[in-house]
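The values are calculated or read from the model by the stated rules, or taken from the named source; none is laboratory data. All figures in this text were calculated on a predicted structure; none of them were measured in a lab. Reconstructed Cβ throughout: ideal geometry from the backbone, glycine too, with neighbour counts over all protein chains shown.
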């Protein structure tokens, strides 16, 4: 029983040493501003933002900044009636502020 307990404690402690955290956070990260527009000036408020395949939400003009974990990240923008946008970028981390301007094209 004692061996089992020690094994469980070691697994829990080791789990805290593995970097499996989210791609979005406000600590130890870089700022990524995403500005989405469309060729014909169409409303892009319903555009869906994905970071490393994880749905982040709809980035608006009032809240375009994400706090992303530094390193290489895949940004995807999808909106009905438009071709999907996909780009791999490198998040540099604080104090850098990066901007990604996305122009969606009609399908």
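Highlighted here are the strands (runs of 3 or more DSSP E) found entirely within the range 40-107 that include at least 3 residues which are touching a strand residue (DSSP E or B) at 6+ places or on another chain (Cβ under 6 Å): 48-51, 65-69, 71-78, 85-91, 97-104.
For the range 59-77, filtered to residues that are farther than 19 Å from residue 92 by Cβ and at pLDDT 85 or above, the residue that is surrounded by the most Cβ atoms within 10 Å (Cβ to Cβ) is 77.
Of all residues in the range 32-43, exactly one satisfies the criterion of being surrounded by 11 or more Cβ atoms within 10 Å (Cβ to Cβ) and modelled with pLDDT under 85, namely 42. Each residue in the range 84-107 was checked for being loosely packed, with under 11 Cβ neighbours inside 10 Å and either in contact with a helix residue (DSSP H, G or I) (Cβ under 8 Å, 6 or more places away or on another chain) or without any contact (Cβ under 8 Å) to a residue 24 or more places away in the chain (or both), and 2 of them qualify.
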